[in-house]
1. Could you state how much accessible area His42 has, in square angstrom rounded to the nearest 10, with a 1.4 Å probe and all protein chains kept in place?
2. On the accessible surface of the stretch 137-262, probed at 1.4 Å, how many percent belong to carbon and sulfur atoms?
3. Based on alpha-carbon centroids, what's the gap between the stretch 251-273 and the stretch 90-140 in Å, whole number please?
4. Would you mind finding the longest exposed-site-free stretch of the chain, with exposed chymotrypsin sites (Phe, Trp or Tyr not before Pro) meaning DSSP loop and at most 11 other Cβ atoms within 10 Å?
5. What percent of all Cα-Cα pairs in the chain falls into each 20 Å bin, going from 0 up to the bin containing the maximum distance?
6. If you rank Ser192, Ser80, Ser291 by how much accessible surface each has, with a 1.4 Å probe, what is the order from largest down?
7. Check each of the trypsin sites (Lys or Arg not before Pro) in the stretch 196-255 and keep only those in coil by DSSP with at most 11 other C-beta atoms within 10 angstrom; list them in order.
8. Nearest-5 percent of antiparallel DSSP beta bridges in the chain?
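The values are calculated or read from the model by the stated rules, or taken from the named source; none is laboratory data. All of these numbers come straight from a predicted model, not from anything done at the bench. Methodologically, a virtual Cβ is constructed for each residue, glycine included, from the backbone with ideal geometry; neighbour enumeration extends over all protein chains shown. With ligands, DNA and RNA removed, areas are computed over all heavy atoms of the protein, side chains included. Shrake-Rupley method; radii C 1.70, N 1.55, O 1.52, S 1.80 Å.
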Amino acid sequence: MAALAPGGQQVAPIATDALIIGAGPVGLFQVFQLGLLDIHAHVVDALPYAGGQCMELYPDKPIYDIPAVPATTGRQLTASLLQQIAPFGATFHLGQEVSALQQRSDGRFDVETSRGTRFVSKTIFIAAGVGAFQPRRLQVDGLAAFNNTQVFYQAPGPTGFAGKRLLVVGGDEAALEQALAFAQDGPGRAASVTLLHRRDAFTAEPATVARMRALCELGAMQFRVGQITGYDAQDGQLTHAQITGVDGLTQALALDAMLVCLGLSPKLGPVADWGLAMERKQLQVDTEKFSTNVPGIFAVGDINTYPGKKKLILCGFHECVLAAFGAAPLIFPDKKIQLQYTTTSPRLHQLLGVAPVVN
Ligand code: FAD
């Protein structure tokens, strides 16, 4: 669905030289390598923040194999990359998945996201890793019919559950934080909050678990161990969740809304539908330019495959350099593209916004 301006007219697509799909570490470094060649990029990611697997799967775990960085973490590496690419002013479009990609007769690409943002780009860089991170769905037959009316995978704002009987499903930090937020005094307070998790152990900070248990003791919220195995509905409204406990007994819990926080998992999703040559769910590329079988579409990082491919951040970084040099002649057909050193090139100093070196 194309985005509409307040008056109802269609918003023109954003015209750009380069569009990067994926803001993981490799997508971020692609911004840098394009920037050195004076190419501005737009970046789209399904997650609401940059960093890809580094932020989503191991933000605080150490990484020891980034060249010249003896030790870092997923979070620190992301922060460093964002700092490094800042001079190039890439435009980020987060929290939206690229859903459609089509080539025009003039060679440019039409791209559209799940939020209706549209682009027309001369080149595309797919840095989609292992796929777009999406909320894990509750597998209960028929329950999806209530999605976004009574069943939510993201809270509909801080007061979206005010005065409602809320069931929060999940046992990680995000689930506990959400349950606490809607159980505490304030304009967003729910009429009741029940946290449901399949066991009485959590993957959350001990302090968060302690706060949750304290609120349960005060009667400000409830905690139940079990899983949703069914539901009741009346006149098109979800009225109860059927909860089966570890003892095998099933009980109905009356509710107005359900917030499901079962974490995120990557889904390859639409990338597989764009008619690009693939091998075992990865995009086939050459190793000269990291181009796919469609000229103008490049693939870097975990999403690509070629003989000897290693799914490492370092390898993805190298791929970004060659992909940027592969794309530059398509963007500047009349310009001689030269390799320059960041140490000595006045032009690169200008692009990087650093002071020229005076000897
Ligand atoms: P990703 O990090 O997967 O990022 C891809 C991004 O693309 C995601 O944010 C996703 O939401 C987005 N995306 C996908 N499809 C779409 C779409 N259609 N629309 C919008 N957005 C989309 N590597 C190392 O080198 N050293 C290590 O020590 C190391 N440790 C690791 C530890 C763990 C636990 C794991 C799981 C991996 C580790 N890796 C390590 C591997 C490393 O994280 C990956 O190689 C790296 O993240 C790949 O980067 P990427 O940018 O290609 O993809």
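1. Probe radius 1.4 Å; accessible area of His42 about 20 Å².
2. In the stretch 137-262, the share of accessible area belonging to carbon and sulfur is 49 percent.
3. 21 Å
4. No qualifying site falls inside 65-340, the longest such stretch.
5. Taking all Cα pairs of the chain, the binned fractions are 26, 47, 25, 2 percent.
6. In descending accessible area the options line up as Ser80, Ser192, Ser291.
7. Working: sites: Arg198, Arg199, Arg211, Arg213, Arg224; in loops: Arg198, Arg199.
For trypsin sites (Lys or Arg not before Pro) across the stretch 196-255 that sit outside H, G, I, E and B with at most 11 neighbouring Cβ atoms in 10 Å, the list reads Arg199.
8. Restricted to the chain, the bridges split so that about 45 percent are antiparallel.
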